[in-house]
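Engineer: One structure, pasted below without further comment.
Every number in this text was worked out from the coordinates using simple rules, so none of it is lab data. Not measured: the values here are computed from a predicted model. Backbone-built Cβ (ideal geometry, glycine too); neighbour counts: all protein chains shown.
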Amino acid sequence: MLAALSGAVWLLEGAVFALVAQAVGLDLSILEGVFLVVIANFFALVPAAPGYVGTYDAAVLFGLAALEVTDGVAVGVAILARFVAFVPITVLGLVLLVVRYGGIGALRRERSST
């Protein structure tokens, strides 16, 4: 069951890459998208800056080059894939910080009580 769920998640991530590529005008299959996900996750093993700045982009560009996609289309896919992968998580984290942990109001209360 766990292997099937894991495979389904990898296929969904591959579909996200395929849709991102399609938004830029590149026709990638879901399996090619899964290939890019595997490459990006493999490159994530390399220590990098927060948000995998540089490492993630290099992985996507490397994978796209292996699929014979280069130049501006590859850069467009890499930028859009980064946006889709990291921006929603960052925004959700900010919302949770403000709502769940009190945000700036909690900091002000803490400062005023000391």
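Engineer: If you add up the charges near residue 44, with Lys and Arg at +1 and Asp and Glu at -1, over every other residue whose beta carbon is less than 15 angstrom from its beta carbon, what do you get?
Structural biologist: Taking every Cβ under 15 Å from that of residue 44, the sum is -1.
Engineer: Shifting gears a bit: What number, rounded to the nearest 500 deg cm²/dmol, is the helix-based mean residue ellipticity at 222 nm of the chain, given -39500 (n - 2.57) per DSSP H run of at least four residues and division by all its residues?
Structural biologist: Helix contribution divided over all residues of the chain: -26500 deg cm²/dmol.
Engineer: Next question. Using only Cα atoms and rounding to the nearest 10 degrees, what angle (0 to 90) does helix 55-66 make with the longest principal axis of the chain?
Structural biologist: The angle comes out at about 10 degrees.
Engineer: In addition: What number comes out for the charge environment of residue 103, summing +1 per Lys or Arg and -1 per Asp or Glu over other residues with Cβ under 13 Å away?
Structural biologist: +2
Engineer: Taking loop as defined by DSSP and a crowding limit of 15 other beta carbons within 10 Å, which GluC sites (Glu not before Pro) in region 1-95 fit?
Structural biologist: In loop regions of region 1-95 (DSSP not H, G, I, E or B), the sparsely surrounded GluC sites (Glu not before Pro) are 68.
Engineer: Helix 2-24 against the longest principal axis of the chain: what's the angle in degrees, Cα atoms only, rounded to the nearest 10?
Structural biologist: 80 degrees
Engineer: At R0 = 41 Å, how high is the FRET efficiency between residue 104 and residue 2 if r is their beta carbon distance? Nearest 0.05 is fine.
Structural biologist: Computed FRET efficiency for residue 104 and residue 2: 0.50.
Engineer: Let me ask something else about it. Using alpha carbons only, how many degrees (0 to 90, rounded to 10) separate the axis of helix 103-113 from the longest principal axis of the chain?
Structural biologist: Orientation of helix 103-113: about 30 degrees from the principal axis.
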